1. Pick from region 20-53 the residues that are in contact with a Cys (Cβ under 8 Å, 6 or more places away or on another chain) and not in a loop (DSSP other than H, G, I, E, B): which of them is farthest from residue 111 (Cα to Cα)?
2. Please specify each residue of region 134-159 satisfying the condition of being within 13 Å of the chain's Cα centre (by Cα), touching a residue at least 60 places away in the same chain (Cβ under 8 Å) and crowded, with 22+ Cβ neighbours inside 10 Å.
3. On the basis of being within 17 Å of the chain's Cα centre (by Cα) and under 16 Å from residue 194 (Cβ atoms), does residue 125 make the cut?
4. Starting from residues that are within 15 Å of residue 146 (Cβ to Cβ) and of a type in the set (S, T, N, Q), keep the ones in region 63-78 and report whichever is surrounded by the most Cβ atoms within 10 Å (Cβ to Cβ).
5. Just checking, how many residues over region 97-117 are farther than 14 Å from residue 141 by Cα and crowded, with 23+ Cβ neighbours inside 10 Å?
6. Considering only region 54-95, state which residues are among the small types (Gly, Ala, Ser) and assigned to a helix (DSSP H, G or I).
7. Search region 21-53 for residues being among the aliphatic types (A, V, I, L, M) and surrounded by fewer than 19 Cβ atoms within 10 Å (Cβ to Cβ), and hand back the single one that is farthest from residue 144 (Cα to Cα).
8. Got a number for residues in region 175-199 being exposed (fewer than 12 other Cβ atoms within 10 Å of the Cβ) and in contact with a strand residue (DSSP E or B) (Cβ under 7 Å, 6 or more places away or on another chain)?
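Bear in mind these aren't lab numbers, they're just calculated from the coordinates by the rules spelled out. This structure is a prediction, so every number in the text was calculated from the model and none was measured. Because the Cβ atoms are built from the backbone with ideal geometry, glycine has one as well, and the counts that use them run over all protein chains shown.
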Amino acid sequence: MIPTIILETAAGELARKSYQPPAANRAILGPIINLIKSDEARALFPFYDARIICKLPGGQIYYESQLAVDTDGSRFAKQDHKGQGRTAWQPGRQPVDADSVSYFSVNIPVFHDSRFGLRKGDVAAVIYQNKLVFAVLADVGGRRLGEGSLALHRELGHERVRNRGSRQERFIDSGIPSGVITIAFPHSGNPGSAALTAQGALRARGQALWWDLLASTGGDFPTPSSMGRPT
């Protein structure tokens, strides 16, 4: 009998080699698609309901998944039966506000899996429907992979707060069901510093990591409309 781990590895590698990202995201990904399929990349199985998870040659973690709504650390957590006033990452002993900070969350198995090497405060590029934005790893939990703050949903054009500022203000607990690409950069942040909770600092750090990733492909690549090439 073939051991389960060998079967899982084979299935994961087959998924990686045959993987095609959503058409709307291909222009932004450019030659990164070749990195996913390269012999130096490897699938990380199980996928936790993501379509694919793999480690790119440079150590970045790539996955395509849903993006559930995370309200933790915000005033909307009280409306959310899953919500908490705290986040797993609390730089300066303060929770990260889901309504003002673009953060992403990973599930507990992924966070504790040494193959991923992710830490609280690490940075990710998040891509959906031809939009490229950046997020910081601020929360951990859940069974499935793929969750993001209210602010991250907003940046992706998926506002989840209705009637803001009125007595009827509420959040919509309905995320993006599929097609969200996350490329996380292990050890790219500082778990002890709150600097990357500031949107400008997070964007600057994310853009630098993004250009380094594109440059590592050795190919020509497009310039997303949301950012210019570094000088």
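1. The extreme case among them is 36.
2. Result: 134, 135, 136, 138, 139, 145, 146, 147, 148, 149, 152, 153.
3. Here the answer is no, as residue 125 does not meet what is asked.
4. Residue satisfying both the conditions and the ranking: 65.
5. 3
6. 77, 92 - these are the residues of region 54-95 that are among the small types (Gly, Ala, Ser) and assigned to a helix (DSSP H, G or I).
7. Here the answer is 27.
8. Residues meeting the conditions: 1.
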